[in-house]
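Just so it is clear, none of the values below were taken in a lab; they were calculated from the coordinates. All figures in this text were calculated on a predicted structure; none of them were measured in a lab. Glycine gets a Cβ as well: all are built from the backbone with ideal geometry, and neighbour counts include every protein chain shown.
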Amino acid sequence: MKNKLGYLFFVLTFMSFANIGTAQEITITGTVMDNTGILLPGVNIVIKDSSKGTQTDFDGNYSLTASSGDTLLFSYLGMETQNITVSSSGVHNITLQENSNQLEEIVVTGYSKQSVRNITGSVIVVKAEDIAATSPVDIEQSLQGLASGVTVGSEGGPGGEAMVRIRGFGTINNNNPLYVIDGTPTNTGINQLNPSDIKSMQILKDASSAAIYGFRASNGVILITTKGGKYNSDTKFTFDSYVGVDNIPKSAFPDLLSTQETANVIWTRFNNDGTAPSHPQYGNGSTPVLPNYLTPAGANSADLSTYDPETNKITRANKEGTDWFDEYFNAAFVQNYNLGISGGSETAKFHVGIGALTQDGVALHTSFDRYVLRVNSEFKVTNNFRIGESFSISYSDRIGSTGSQFTGGDISFLYRSQPIIPVYDIAGNYAGPQSPGLGNGINPVASATRNKNNLTRRLRTIGGVYAELDVFKDLTFKTNFGVDYDANNSSFFSFKNPEVAEPTNVNKLTENNSYAISTTWYNTLSYSKKIGNHTIDAVVGTESYKLQEKFLGASRNKFLINNINYRYLDRGEGSRDNNGEGNKEGYFSVFGKVDYSYNDKYLLSASLRRDASSKFDEQHRADLFPGYSAAWRISSEPFMENVSFINDLKIKAGYGELGNESIPQGRIYSQYNNNDNTNYDLLGTNSSVLPGYGLFILGNKDLTWEYTSTKNLGVDGALFNNTFMFNLEFYNSVTEELLVPEQANITIIGNAVPKYINNGTVENNGFDLSLGYSKQISEDLKFDTSVNISAYKNKVKDLGDNSDYFLDGNLARETKPSRTQSGHAISSFHGFIIDGIIQNDAELAATGDYLGKEIGTFKYRDLNNDGVINDEDRDFIGNPHPDFTYSFNMGLEYKNIDFGIFFQGSQGNDIYNFTKFFTDYNSFPGAKSRDYLNSWSPSNTGARLPKLSNNPAEHYSSASSYYIEDGSYLRLKNVQLGYSLPEQITSKLKVEKLRVYIQAKNLYTWTKYSGLDPEINLQYGGGFGNLDIGIDRGAYPVARSFLFGVNLSL
């Protein structure tokens, strides 16, 4: 018996070992897909604690020999790593889930995709939910405060453009970033896109990450990925909408003098001058008397039967005073509706988005309507060949404020309009300062109303078609052809305005039409391979770009009637006028990039691009622009194993070089144009008049690229079980060989535009800091918060050998407050320094001489101590660039309730408040400020303004430190409270999600700035717009909004 039992034990033991030996020969097979059913090629599969492994093929299939009981690890970029224990069945089908950890998120970073955790350059990811939380009207405005290192200047008004700056100002020329929308590049018209169509945005801030995009990336890159469908997914329907009211709080309006106070200060001016007061409206007594009528001038009665709408516009005085700001700014309605449909089969996926925005402006008769259709689709022709497209078409109508940021515009005239003037005369026609003593302003309400049909229509199409071929398992070829078409039509009809002192006596119609069409074709070969601990991702490619644009304008005057249906050029009777211009340009590029990772610990990235631009002569047309970066994941080192609170810690450094050629096409050639005043006979005879041609632009064939080199050093990581995220980066950017106009002698070149030369250097130094915390505190409660802080210091190191050479900004009437010069920041403020008011004879004698100097006038600083105040005593008086910008964002979710609050601010920037030229000085008859009433007098020596006079002293209208104000502000940018219906209800309604919310935008602003809004928009139009920033000439303010919205998913 014992022998039999021993024999049985021996047999069972042998069979066990035999089974183990047999298990070692089991072939494991299966497929790997994502949670939507899409088969995943290239999934890494390894046996734990060994170097043995494989990858899935094109169809997501795999085969691997393993032992029963082994652990297989399945990993794929952007997916949670999954492990299984091998069973004897030999078949294991795997479904991988998307990784919720933002460090594992996959983003586009330059013709390829990359995991966020392995990015070695300076890249910020802005998600769709972050954009949607702000309910933006356009994409650029949504970036404000959401991304460190990104500054947004908003034009204000419905449909207004925005100016985005990434890490300051790197050049005196165009500083706009490059936008790449699903592979198609563009620099303009981003406000034509629908924010609801955006899936994510990646912002490439340094040259090491942006160099792959070449010279157009010298100011940074914003990559926009739009929403798409998923393979093997049900059709999904979404509806997002909000309605609301915009307004400007009356507390933002300036505190201006009443009608009687306005009259009183006029009498004070006469008394200070020692002359008897006399005024056509207020009489000539010892005190001013408010009249009953302004037309007839200063009358107490009028014969109403003599009224004539052009020659005798009888107008009653508004003794109570007209609040022109309140008349011009009103509550306005906004509506936004967005539909989305997406889905997919095994071989196709699609997304369709439809958006409609109707926004009335808070300024009278301003509006913006935009309609957008987006279609994205992709088709699997075979298992390794895909084709697809991404297109957006938009149409918009815009009526903008006439003259925002223009001293002759409506908003500027709000400051200049006399409060005693009513909006309408006795017949209900517009009133104005046509009678003496009321100035030469306009009626802003009349101007806005007459402008209400002056539309700018815009049609924009941008998108591309592409094809992808998996040549081998690790090699993919892609070709993409993109088109960007932008057509504009504006129709502007100007009326007669008999109510003003300097009327326009003839009406006029101006029609402008323009279009721009660009095409971009790129081809890439992408290679991705993992060999043991080594991972290589590489891409090489070519890109060609062509742009053609054209403009045509025409006008005619003397129209019989003003009816909108009569506004055609052929209906005019007066002279015709027309003008036109066009442009063609292009480039061709070859590029390559390699990303290498060893054991997910040591990361390297290198790119090289050769750009050739049509803007330079053949000898200087092409150049190479490299980028390099590296990172060390310290958290993966053995000595960090016991530091449990650090989940990820990475140090990174990068260097890159980029070019810039943002000057007008054709500047390598001298150009001539016809000039009616020249009449130069090309045949060499003076006996007849022939069309004349004169030198228009001086060319320079030696022009070459501006060169920008950037250095970036940073550290980022995740702590405390990935609940706390941080990123800190320091950077230095130097642009050399600036493309600047030559300091030419006007007696030699005459009226010709000076040639461009390469001369000058600009430097930016700064840092970006981002902090974030997110935690699921309990099953029902989630909390997240983030802080962004950015700072940069801009300095023009030189503009050539002549340190005194400078570039001016634009005029603010008689003066140019901005100056760009060596040793100072771009567009710094320049003018006289005021050290107070001359109080006595001693200060009078110590102050330099100028016309009108006396006790009670400004004490200008005599910088060169020559005893005379003149242009030699001007100096730099302010800086429009902030010391730092910052934002704070907090979100809270409890069960079905969500709450978000967002603050954004700027600290240390100056604003040149030019509106005080009208309200604080005797520049023009018009509204005056409270400071004007409290001007200097022997009994009021602490006043800020000099004594009142009808003959103000010299330099009062010149740029000076008086106009400089602290532009710092903190704005409660967004507050939102939402509620999602519980699943018990939505399931009965057969909807996936239904959420409602209320929201307030720009709710409150803390600032010391006295103007309408401290967010003074930047100058627009590229070119030398960067030389004129931070000046308030009468800007359209950012409105406060109250919204109610709905989010629905089916």
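In table form, for the structure just shown:
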quantity: For segment 418-499: rounded, prolate or oblate by the Cα gyration tensor [a/c cutoff 1.5]; calculated: prolate
quantity: Nonlocal amide H pairs with residue 706, under 5 Å, H built at 1.01 Å; calculated: 660
quantity: Segment 191-262: C-alpha gyration tensor shape, a/c 1.5 cut-off, then a/b vs b/c; calculated: oblate
quantity: Within straight-line cross-link reach of residue 48, lysines at Cα separation under 18 Å, skipping those fewer than 8 residues along the same chain; calculated: 530
quantity: Formal net charge of residues neighbouring residue 232 (Cβ-Cβ distance under 14 Å; K, R +1; D, E -1); calculated: -1
quantity: Kirkwood-Stokes translational diffusion coefficient of the chain, alpha-carbon pairs, 20 °C, 1.002 mPa s, µm²/s; calculated: 65 µm²/s
quantity: Straight-distance crosslink candidates among aspartates and glutamates, where the alpha carbon sits under 18 Å from residue 550 and sequence neighbours closer than 8 are dropped; calculated: 484, 486, 511, 577, 581, 585
quantity: Net charge of neighbours whose Cβ lies under 13 Å from the Cβ of residue 483, counting Lys and Arg as +1 and Asp and Glu as -1; calculated: -2
quantity: Segment 812-856, relative contact order [Cα under 8 Å, separation at least 6], %; calculated: 26 percent
quantity: Residue pairs, from the table 52/473; 205/227; 199/250; 113/652, whose Cα atoms sit over 27 Å apart; calculated: 199/250
quantity: Charge sum, other residues only, whose C-beta stays under 12 Å from residue 506's C-beta, Lys/Arg counted +1 and Asp/Glu -1; calculated: +3
quantity: ³J(HN,Hα), Karplus 6.51/-1.76/1.60, whole Hz, each residue of segment 665-673, x for Gly, Pro; calculated: 5, x, 6, 7, 10, 6, 10, 10, 9
quantity: Gyration tensor (alpha-carbon) shape descriptor, segment 295-394, a/c threshold 1.5; calculated: prolate
quantity: Sequence ranges 333-346, 414-427, ranked by mean other-Cβ count within 10 angstrom, highest first; calculated: 414-427, 333-346
quantity: Virtual spin-label span in nm between residue 234 and residue 894, 7 Å along Cα→Cβ; calculated: 3.3 nm
quantity: Angle in degrees between helix 2-23 and the longest Cα principal axis of the chain, rounded to the nearest 10; calculated: 40 degrees
quantity: Stretchable slack from residue 188 to residue 379, in nm (0.36 nm times residue separation minus alpha-carbon distance); calculated: 65.7 nm
quantity: Residue-span extension gain [residue 883 to residue 199] - 0.36 nm each, minus C-alpha spacing; calculated: 243.0 nm
quantity: Nitroxide proxy distance, nm - points 7 Å out along Cα→Cβ at residue 311 and residue 562; calculated: 2.0 nm
quantity: Angle between the chain longest axis and helix 259-273 axis [Cα atoms, degrees, rounded to 10]; calculated: 60 degrees
quantity: FRET efficiency for residue 467 and residue 618, using Cβ-Cβ distance with R0 set to 45 Å, rounded to 0.05; calculated: 0.85
quantity: Over segment 158-276, relative contact order from alpha-carbon pairs under 8 Å, at least 6 apart, %; calculated: 22 percent
quantity: Stokes-Einstein translational diffusion, segment 330-383 - Kirkwood Rh over all Cα pairs, 1.567 mPa s, 4 °C, in µm²/s; calculated: 95 µm²/s
quantity: Placed amide H near residue 109: partners under 5 Å, 5+ positions off or other chain; calculated: 114
quantity: Full-extension gain in nm, residue 83 to residue 303, via 0.36 nm per residue minus C-alpha separation; calculated: 69.5 nm
quantity: Ordering of 744-750, 594-600, 925-931, 154-160 by packing [mean C-beta count within 10 Å, highest first]; calculated: 154-160, 925-931, 594-600, 744-750
quantity: Derived scalar couplings ³J(HN,Hα) [segment 114-124; Karplus, 6.51 cos²θ - 1.76 cosθ + 1.60; whole Hz; x for Gly, Pro]; calculated: 8, 6, 4, 5, 9, 6, 9, x, 9, 9, 10
quantity: Rel. contact order, % - alpha carbon contacts under 8 angstrom, at least six apart, the chain; calculated: 11 percent
quantity: Among 144-150, 840-846, the order from most to least packed when residues are scored by Cβ within 10 Å on average; calculated: 144-150, 840-846
quantity: Candidate aspartates and glutamates - alpha carbon under 13 Å from residue 775, same-chain residues fewer than 8 apart omitted; calculated: 784, 893
quantity: Footprinting exposure proxy for 324, 267, 1006, 521 (fewest neighbouring C-beta atoms within 10 Å first); calculated: 1006, 521, 267, 324
quantity: Residue 49 paired with residue 693, simple spin-label distance in nm, labels 7 Å along Cα-to-beta-carbon; calculated: 8.6 nm
